[in-house]
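Everything on this sheet refers to the single structure shown next.
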Ligand SMILES: [Zn+2]
C-alpha cells in the first residue's frame, strides 16, 4: 500500500498559503495527498474587477482551488460545500449553512462526512489545524475538532456510516509554525510599523494570540526544495492577493531565497497520535513508523 496523507482544512487557499511546501514535498516523493476543503470560501474579500466576472465569490474561490490542486497534485479533493463562517463573532457565524453554525448545532453531520472520507481514502497520516485553528478562525476550529474526533472514530466498527468499513489511520498531526522564527518575523514587522495584533487585509489577524496558542513541535520537515511549486500554488489564489500582502507566506515570498530558506524552509507539526511524552523534535518525516 502506498503512502497516503489526508489534509483537512477549511478554505480554498488554506492548502497553499500555509501548507503548500509540505504538500509539494510529499507529492514529489510519491505519496498520494487528499484534501478536505470544508467551505467554499464565500467570505473572502475579492477584487471588484473579479466580482464582475463571476456571479458568486464561491465560484472564484473554488476555481482557484482547482488550479492549486492541480499545481500541488492534490487528489482527491473533497469539497464539503459549507458556507464560510467569517471571522469569530461576525454575523455570518449564525448563517445556518455556515460551517461554524453546522458544527455547533448538528455536529454529527460534519463528523460523519470526515469519517466517510477517512474510510474512503484510507490515509496512514492525517493533518489538520491546531486547537486555535492557526489564528482563531471559527471554520479552522470546526474542522480541527471534527477531524480529531473522526480520526478516533473511523476505526471503530460500532460507529456506522452507511456504505463504509472501519479504517483506523495511524498518525494525527496539527500544523504548527516554528515559534522562534515567527517571533523574529513579528519583531521585524513591528519594526516596519505594523501592529501585530491587527494584521492582514481586514486587520483581524492577531499574531500575538497565534504565538500564545502555539503547541510543541515534534516533527520538523524540510520543505526548502519546494518553494517553486508552493509559490505557483499560492499564485492560483489571485482573488486573495496570491498570498502577498496577507498572511505570513505573503511576506515570506518576497524575501531573498537564502533568507526565506532560513525562515520558512522547515515545516513544524505537533504530533497528537501517537502522543509523545515530551515536547521536543524527534522526527523529520510524518510517515515514520507508519505501515
Ligand atoms: Zn482558512
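The values are calculated or read from the model by the stated rules, or taken from the named source; none is laboratory data. If you're wondering where the values come from, they're calculated on a predicted model, not measured in any experiment. Here the Cβ is made from the backbone with ideal geometry for all residues, glycine too, and neighbour counts use every protein chain on show.
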Extreme residue, nearest to residue 144 (Cα to Cα), among residues of region 39-56 that are assigned to a helix (DSSP H, G or I) and free of Cβ contacts under 8 Å to residues at least 60 places away in the same chain: 51
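Within region 181-198, is there a residue that is assigned to a loop (DSSP other than H, G, I, E, B) and touching a residue at least 40 places away in the same chain (Cβ under 8 Å)?
No: zero hits.
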Tally, over region 147-168, of residues that are farther than 19 Å from residue 291 by Cα and in contact (Cβ under 8 Å) with a residue 60 or more places away in the chain: 2
Search result, residues across region 65-98 that are on the phi < 0 side of the Ramachandran plot, out of contact with any strand residue (DSSP E or B) (no Cβ under 8 Å at 6 or more places or on another chain) and at pLDDT below 95: 87, 88, 90, 91, 93, 94
Out of 28, 8, sole residue that is more than 15 Å from the ligand (Cβ to nearest atom) and either buried (at least 24 other Cβ atoms within 10 Å of the Cβ) or touching a residue at least 12 places away in the same chain (Cβ under 8 Å) (or both): 28
Residue within region 206-213 that is crowded, with 16+ Cβ neighbours inside 10 Å, touching a helix residue (DSSP H, G or I) at 6+ places or on another chain (Cβ under 6 Å), modelled with pLDDT of 90 or more and part of a loop (DSSP other than H, G, I, E, B) present: no
Within region 60-178, helices (runs of 4 or more DSSP H) holding 2 or more residues that are within 25 Å of residue 269 (Cβ to Cβ) and within 16 Å of the ligand (Cβ to nearest atom): 99-105, 133-136, 138-153
Of residues in region 11-25 being in contact with a strand residue (DSSP E or B) (Cβ under 7 Å, 6 or more places away or on another chain) and not in a helix (DSSP H, G or I), the one farthest from the ligand (Cβ to nearest atom): 19
